[in-house]
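Worksheet for the structure shown next.
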Amino acid sequence: MLDNYCAAIRDILRRIAEEERENIRAAAEHLARTVHTEGIAYVIGAGHSAMVGEELFFRAGGLAPIRPLLELDVTLAHGASKATALEGLKGYASLVLSRSGITEKDLLIVVSNSGVKTFPVEAALWAGDRGIKTIAITSRTSSESLPVRNPYGKRLFEVADVAVDTKVPPGDALLELEGIPVRLGPASTIAACFVANAIAAEAAELLHTRGIQPPIWLSSHLPGAEGHNGKLLKRYRGRIPLL
């Protein structure tokens, strides 16, 4: 199983790198522009997709102006059934974003593997209506295989300014066991985190090539981290409360 899982994940990552290069670059342009103009990249997702915001936040080797919107009731922290129900509740994403402090100078990254439920679609629409650029990290194949389950009649990849396809198959799982009808070996979190970090790395490179020092966290275990990160904390703490 290990070799099969590794091969399947490797194939997904290869396809992302080969087929989504243009979309990742476009997303990176938005992120680089946000960083350069002192904006913040907000990251929102429900269920397991919320982990992508945590992955990008305060990450050694990652960009500093990242703010995950960790609305715990729509993550798994307060119960899976509750989170699933709230993901389909109209108005919930709008409420979260309206209380977040996000502005036109900022960027919203919306993560959803299926991209068909109310929460992610509403988040992207809410931001777009207010002139906030949006990036979707989603599986187009999964999304197109499912019926729309939101009152807006749209899928996430249809309403974002840039959509990066994670190439995850319908149902998420990659592996089969003989005699067992349910597949196993999920891919969505690994693929989405890869895409998110790739966008951040591309954005950092774009800033660097334009003569702008990208604000990158240094691992706290390395020499000089306290001084280096202290400057970033001072620069961003006012707009990123979790810091």
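The values are calculated or read from the model by the stated rules, or taken from the named source; none is laboratory data. Since we're looking at a predicted model, the values are computed, not measured. We place every Cβ from the backbone using ideal geometry, glycine too, and count neighbours over all the protein chains shown.
Out of all the residues in region 169-209, which are more than 12 Å from the chain's Cα centre (by Cα) and closer than 16 Å to residue 21 by Cα? Selection gives 201, 202, 203, 204, 205, 206. Within region 80-103, none of the residues are under 28 Å from residue 230 (Cβ atoms), surrounded by 24 or more Cβ atoms within 10 Å (Cβ to Cβ), among the hydroxyl-bearing types (Ser, Thr, Tyr) and at pLDDT 95 or above.
Residue 74 - would you say it is among the β-branched types (Val, Ile, Thr), modelled with pLDDT under 95, more than 20 Å from residue 238 (Cα to Cα) and under 18 Å from the mean Cα position of the chain (by Cα)? First the steps, then the outcome.
Details: among the β-branched types (Val, Ile, Thr): yes; modelled with pLDDT under 95: yes; more than 20 Å from residue 238 (Cα to Cα): yes; under 18 Å from the mean Cα position of the chain (by Cα): yes.
The answer is yes for residue 74.
Are there any strands (runs of 3 or more DSSP E) wholly within region 30-138 with 3 or more residues that are in contact (Cβ under 8 Å) with a residue 12 or more places away in the chain and aliphatic (A, V, I, L, M), and if so which?
Details: elements: 41-45, 66-68, 107-111, 133-138.
Where strands (runs of 3 or more DSSP E) fall fully within region 30-138 and carry at least 3 residues being in contact (Cβ under 8 Å) with a residue 12 or more places away in the chain and aliphatic (A, V, I, L, M), they are 41-45, 107-111, 133-138.
Against the numbered list (1) more than 27 Å from residue 239 (Cα to Cα); (2) surrounded by fewer than 24 Cβ atoms within 10 Å (Cβ to Cβ), residue 208 comes up short only at (1). Within this structure, residue 182 passes the test of being in a loop (DSSP other than H, G, I, E, B) and among the hydrophobic types (A, V, I, L, M, F, W, C).
Cβ separations smaller than 7 Å between residues 6+ apart or across chains give the following pairs from region 163-175 residues that are of a type in the set (Lys, Arg) to residues that are modelled with pLDDT of 95 or more and surrounded by 16 or more Cβ atoms within 10 Å (Cβ to Cβ): 167/12; 167/16; 167/139; 167/191.
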